1. Apply the Karplus curve 6.51 cos²θ - 1.76 cosθ + 1.60, θ = phi - 60°, to the phi angles in segment 351-367 and return the couplings in whole Hz, x for Gly and Pro.
2. Short version: ³J(HN,Hα) in whole Hz for each residue of segment 285-302, in order, from phi by Karplus 6.51 cos²θ - 1.76 cosθ + 1.60 (θ = phi - 60°), x for Gly and Pro, what are they?
3. Can you compute 3J(HN,Hα) from phi for each residue in segment 99-114, using the Karplus curve 6.51 cos²θ - 1.76 cosθ + 1.60 with θ = phi - 60°, rounded to whole Hz and x for Gly and Pro?
4. Place +1 on the Cβ of every Lys and Arg and -1 on the Cβ of every Asp and Glu in the chain, take the dipole about the Cα centre, and give the residue among Y474, I106, V244 whose Cα lies farthest towards its positive end.
5. Collect residues whose amide H, placed 1.01 Å from N in the peptide plane, falls under 5 Å from the amide H of K791; neighbours closer than 5 in sequence don't count.
6. Ignoring any ligand, DNA or RNA, what whole percent of the accessible area of the chain comes from carbon and sulfur when the probe is 1.4 angstrom?
7. Could you do me a favour and compute the accessible area per residue for the chain, 1.4 Å probe, result in Å²?
8. With a ≥ b ≥ c the root eigenvalues of the C-alpha gyration tensor of segment 234-328, is it rounded (a/c under 1.5), prolate (a/b larger than b/c) or oblate?
Amino acid sequence: MQSRTLASFLGDVVLEDARETPVEIPISSSDGFVISEIELKGFMRYLDKCTIHFPQKFTVIVGKTGSGKTSLLDAITFALYKRTSRTDLPNVKIDDICQPGGHVKITFAQERDQYEVVRGLTSSGASYIALKRNGLPISGSIPELDAKVQEIIGLDYVGFRNSTFVRQDEMKELGAQSGADRLEIFQKLFRLEVFEKAQNIVAEKVNGIRLKIEGVTSELTVRMEQQAKLPEKQEELTAMKKEVEGKKARLSELQRAITEKEGLLAKLKSEHERFVEMRAKASEMSRAVAEMGAKITKAREDNQKAMELKQSIAQLGEETSGYESMQSKWDVLKEKERKTTELRERMQIYENQKRTMADEHQHEVERLSSLISAQEERLGKITTDIGKDEAFSLLRKEGALGERITRIEKEIEWLSGRDELIASLARERETSKNELNILSSQASRINADSFILSELQSQMVRIKGDMEREEEAYRVKRGEIDARIKEIQAEVDSAGFRVSEQEQLKELGQKLEDLRRKKTELEQKRNELDRIGDVSKLIEDLTTQKGQKGMELEQLQQSLKLLEVSESNYEVAERELRELQERMRGIEAIIHGKEGEARRLGTEIADLQAISQQIESLEVTLKGLRESAEVLTLLKDKIFHKKGIVMYAIEQLLPQLARETSSNLSDLTDGRFNNVRIVPYEENSRYGVRIDVGGAEGEFHDVQEFSGGEKTQINAALRFAIAKELASMPQVGRTFGRMKTLFIDEGDLGSLDTEVSRGLFVKKLFDMGEFFDRVILITHLTEVADRFPSKIRVYMTPEEKSKVEVLREA
């Protein structure tokens, strides 16, 4: 089979959309994505605003490890897709890499138009995105602008990252992995996992169709079982119609019998109405006679009770005749008792006051005595007999005498030669010194206790005075209370309520209680007698009325006996009519129910007759579903499977990649290695890609057998070939877009152990400029960076902020 590039192959792929309608993915021409500027602020370690321009085709970014070089790649995908290599990790959010008020702005060209994308967080932490084309804003919501950016670039996040970035250690991934893992990497780089997604979608559709097939099959089975019941339902309907006809005939017979009974009842109705009327009168008359008899009995009982009440009232009146005089005597004694009790209670109050006052006096005396003892104890500890006032007086006199002696001595000096005056002054000085000695002797007894002594003596006088006043106040108050108690006792004696009178009061109280009970009983009996009144005339009138009513009742009972035969015939005819009407209603209910069942059976039979058409429709639907399942199963197991279209695409791709890799390897090794073989294989139902390199002796070896530097050259040759292939791919929908910018992060250059091999690597990288408008290398190797015309340095400040410095701009 003639080899084809993946780009030409993808242009021919036909996929099925979500509506199961085949849609050919369009191929659009594109000049490719070319980055020109990055602006960062508040993004990761780029806290201050930094702007990086890419005016030249080749640019190198240098800096120490951890300075923030690789963060520039995350800044690009953040602005375009709101995703980064860090947020792809679990538990990492956008807020963790972009601060409130931070943003990233990317300026790039695509299809000869200039675009500007700004994405960030507001000061309140809200996410936003702004998009411009040729300086003019493009309006829309965040989801709409996200979709617009992806449409402009022509790649989703994963496709853009794989096509534009060659990250650290990615150079050695293809050579280091197993064959199956290499196949996965090729699928990821060339976006062939879309077929795996298609396979999953088709698998879901197959499962859905299988469920539909099961549902339609089950419904078809049910419908066929229902159709099989049609003859049985038709026979049941025929039998039910015959039963209804029989019930209707029986109903007509019952209606005729009811008409006959109604005629008989009409003839007997007049005598029945007379019987009912006379029976009601007889019942009322009988009730009236019984009521009169009860009233007569009640009146006779009341008359007997009235006679008994009169006897009892006379006896109680006699027993309670002395009640008022006894009550008057009791009131006098009760008043004496009340007054005596009140006086004694008052005297008890004064006694209580006297005891309370004595307790309070005793407490106060004990308190003052305690204070006197304390003061005496303190006075006993005083070490001087001179008080404060006396001490001040002694000190003043001592000071005055000292001044006087000093003055005399000065006067003696002044009066030198005047012996008489000097002698007089000398005597006065001696006298003063003697007085001073006496005062000094007294003053020597002055100490700190002198200032306390006077105060203690004053307090002692005050406390003793308080004691005397307390004793006097207690004596006066006690005398007043004793006098008042004596006065009250005299009043008690004057009241004269003796023990005998107290016993008499108690005895009168008991007798009065008994008389009050009898007086209450007497009043009740008088009220009852008044209520009964004279019933003898009532008894006579009721007896006369009862006799008249009894005669009328006997006449009515004789008339009723004559009508009993006619009434018996009426009752029999009425009962038979009710039975006939009940039987008619039962038959009518049966007919109504059977007719309803017949209508339901008719509808069910009509539905069963229509099932034939439904069965035909279900059979057509089932056939279509099975055909669809067969086609989708073929797509899932044969076309979208790895052994299908994926391996076919890889087989189409690998020959061209092998040729391009061989050419690149020859350039990187200066012709020492120039033959690379890349072939797919299947082993134990597993698929993979084998990479063999022709050695100097002409034999092929697995890439793993080469040294570290050689593997780096082989991997770089293959990755450059892949990058060239991706850059040459046409625009295909939103999955494949032409990329004209290439970022290489480190590139495993440290494993190239000679300057020549590194120089060849850089030369090959410059050759990639034929396919890319921007080639940007991120490295920490100075000798490599010096070969680039445009050089940018990223460094970390002491405050741990990433900064950017342009070292060289050609």
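1. Calculated HN-Hα couplings, in order: 4, 5, 4, 5, 5, 4, 5, 5, 5, 5, 4, 4, 5, 5, 4, 5, 5 Hz.
2. Each residue's phi maps through the Karplus curve to give 5, 5, 5, 5, 5, 5, 5, 5, x, 5, 5, 4, 4, 5, 5, 5, 5, 5 Hz.
3. Each residue of segment 99-114 in turn: 7, x, x, x, 6, 10, 10, 10, 10, 8, 10, 7, 6, 6, 10, 9 Hz.
4. Of the listed residues, the answer is V244.
5. Close amide H contacts, sequence-distant or interchain: V60, L807, R808, E809, A810.
6. On the way: 22710 of 46030 Å².
Carbon with sulfur: 49 percent of the solvent-accessible area.
7. So the chain comes to 57 Å² accessible per residue, rounded to a whole number.
8. Since a/c reaches 1.5 but b/c is at least a/b, the shape of segment 234-328 is classed as oblate.
The values are calculated or read from the model by the stated rules, or taken from the named source; none is laboratory data. Values in this document were obtained by computation on a predicted structure and should not be read as measured data. Backbone-built Cβ (ideal geometry, glycine too); neighbour counts: all protein chains shown. In case anyone asks, the SASA skips ligands and DNA or RNA and just uses the protein heavy atoms, side chains included. Shrake-Rupley method; radii C 1.70, N 1.55, O 1.52, S 1.80 Å.
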